[in-house]
Amino acid sequence: MKIRDKKPFGKVLLVLILSFGIINANTFSLKAYDQVFFERISKVAVEMGKETGRFPSVAIAQAILESAWGKSSLARNKNNILGIKLNNGSYREFSSIEESMRYYSTLFTKNARLTRRYRKFLNAKTPQEAAMALNNVYAMSSSYGSKLIRMMNRYNLYQFDKLAGFNYTMPQVSGTGTVAKKIKVLGEKLSQSQKQEELSRLEKLKTASVKHEEAYERVIAVFADKYDLSKKVDVDSIEFDGVAYKLKSISRSVLEKGE
């Protein structure tokens, strides 16, 4: 009588372990998503985008990839969420993850050598182009940029570029996963927060005060840009979004556009 071959018990056990591991990995990918972590890095990334012109979508994707959603030992022990190294090859330590992100924003132009090394990244017109420019430069991998782009697409991180004022043609991406939906909500929350900050800033302009010099300059700049002023104009007040703001005598000169 022919005896039917049976799979060795070890192989069956290995399959079960691997299957269990895969299930857990998928579950872990959701648990690893830390809302507080993402809120912190996205807010700084948007501020960074406004100040330095770095794409927030790329920076956020890098932070997630390099730090495993803030869970890596480097992130936990040194607040280094972007794998930034010192000249001697060891990893730099930061006082907070926000400091790590802000250091990243200036990293590429700290000296002439770095500016040359990241020239393509600095001159990129889209986040996809910027991501691919990091291949074999920021990370010694030819697939690094593709990983970042997949992450930007999966979670629609381009929405944070929009919040920072970038106006390139953004891809039509709509993530359907749980994490993507949470990120969409966080993006809307950050947008509302920005609007509220802007309204508060404008509200302060209703009363003349030396403390609000920066706010005056901001409104004057918006006014000059809106009306495409080509010469200096002296005004007593500026109307912005239907509200008239009285200007202090020292701020009444609206500067030429571009000055």
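Only the coordinates and a few stated rules stand behind these numbers; no lab work does. Just so we're clear, the structure is a prediction, and the values are computed from it rather than from any experiment. All Cβ positions, even for glycine, are placed from backbone atoms using ideal geometry, and neighbour counts span all protein chains on display.
Karplus-derived 3J(HN,Hα) values for region 106-120, using 6.51 cos²θ - 1.76 cosθ + 1.60 with θ = phi - 60°, are 10, 4, 6, 10, 5, 7, 4, 5, 5, 4, 5, 4, 9, 4, 5 Hz; glycine and proline are entered as x.
Between Val36 and Gln194, take the C-beta separation as r, use R0 = 22 Å, and let me know the FRET efficiency to the nearest 0.05.
Computed FRET efficiency for Val36 and Gln194 comes out at 0.70.
Exposure proxy for Met48, Met101: other Cβ atoms within 10 Å of each Cβ, ordered fewest to most, give Met48, Met101.
The slack in the chain from Arg150 to Lys125, taken as 0.36 nm per residue of separation less the alpha-carbon distance, amounts to 7.2 nm. Estimated from the Cβ-Cβ distance and a Förster radius of 22 angstrom, the FRET efficiency linking Asn136 and Asn77 is about 0.20.
A 31 angstrom limit on the alpha carbon distance is what I want to check against. Which of Lys50/Lys184; Lys85/Lys189; Lys120/Lys189; Lys110/Lys182 exceed it? Checking Cα-Cα distances, Lys85/Lys189; Lys120/Lys189; Lys110/Lys182 exceed 31 Å. In sequence order, region 150-156 has phi-based couplings of 4, 5, 5, 6, 4, 10, 6 Hz under the Karplus curve 6.51 cos²θ - 1.76 cosθ + 1.60, θ = phi - 60°, and Gly or Pro positions carry x.
Measuring nothing but how far apart in sequence close Cα pairs (under 8 Å, 6+ apart) lie, relative to its length, region 42-114 scores a relative contact order of 25 percent. Amide H to amide H, with H built 1.01 Å from N, Tyr91 comes under 5 Å of Leu86, counting only residues 5 or more places away or on other chains.
Which of the three applies to region 32-104, rounded, prolate or oblate, going by the alpha-carbon gyration tensor with a ≥ b ≥ c and a/c under 1.5 meaning rounded?
Numbers: a/c = 1.87, a/b = 1.19, b/c = 1.57.
It comes out oblate by the Cα gyration axes.
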